[in-house]
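Only one structure is covered here, and it is reproduced in the block below.
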Amino acid sequence: MFEPIRVLHVDNDPEFADLTAEFLRRENEAFSVVTVGDPEAARATLAGEPIDCVVSDYELTPVDGIEFLEAVREDHPDLPFILFTGRGSEAAPGQAALPASAPAGARAVLGAVRGVSRADVRLRVRR
């Protein structure tokens, strides 16, 4: 039996959020994905549930992914945080890289997310 890797996925596009969660589960059966639609719901989840890694869309409302990352860092400075964007923004991912000390579970999530666009996830999940 394996220890689950609890992933908090934050995306305000419900269709894409469902597809991404399904994609992550298919990539690694150890991933236990909780999906929420906005940063406030995500912060409430972080306050009430054990989470190993956050995967967040960059384009959120009312704040963007970087602002959300900064808010998460206030209460959870060591929590691995992966910023996922399908829009090609180069400014965002550079500010949200995993530290070298990130646990293996977070690195597995990053490996599943890295380089996957929204179109790729839609195609892979629907196969």
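Averaged over residues, the count of other Cβ atoms within 10 Å places the peptides 11-24, 66-79 in the sequence 11-24, 66-79, highest first.
Note down the net charge around E74, summing +1 for each Lys or Arg and -1 for each Asp or Glu among other residues with Cβ under 15 Å from its Cβ. Please list the in-between numbers first.
Values: positive: R43, R73; negative: E40, E67, E70, D75, D78.
The answer is -3.
Among V10, V63, the order by Cβ neighbours within 10 angstrom, fewest to most, reads V63, V10.
One way to sum up the overall shape of segment 8-47 is the equivalent ellipsoid from its Cα gyration tensor, whose semi-axes run 18, 13, 4 Å, largest first.
FYI, it's all coordinate maths here, none of it is from the lab. The structure displayed is predicted, hence computed values, not measured ones. Note that each Cβ is placed from the backbone with ideal geometry, even for glycine, and that neighbours are counted across all protein chains shown.
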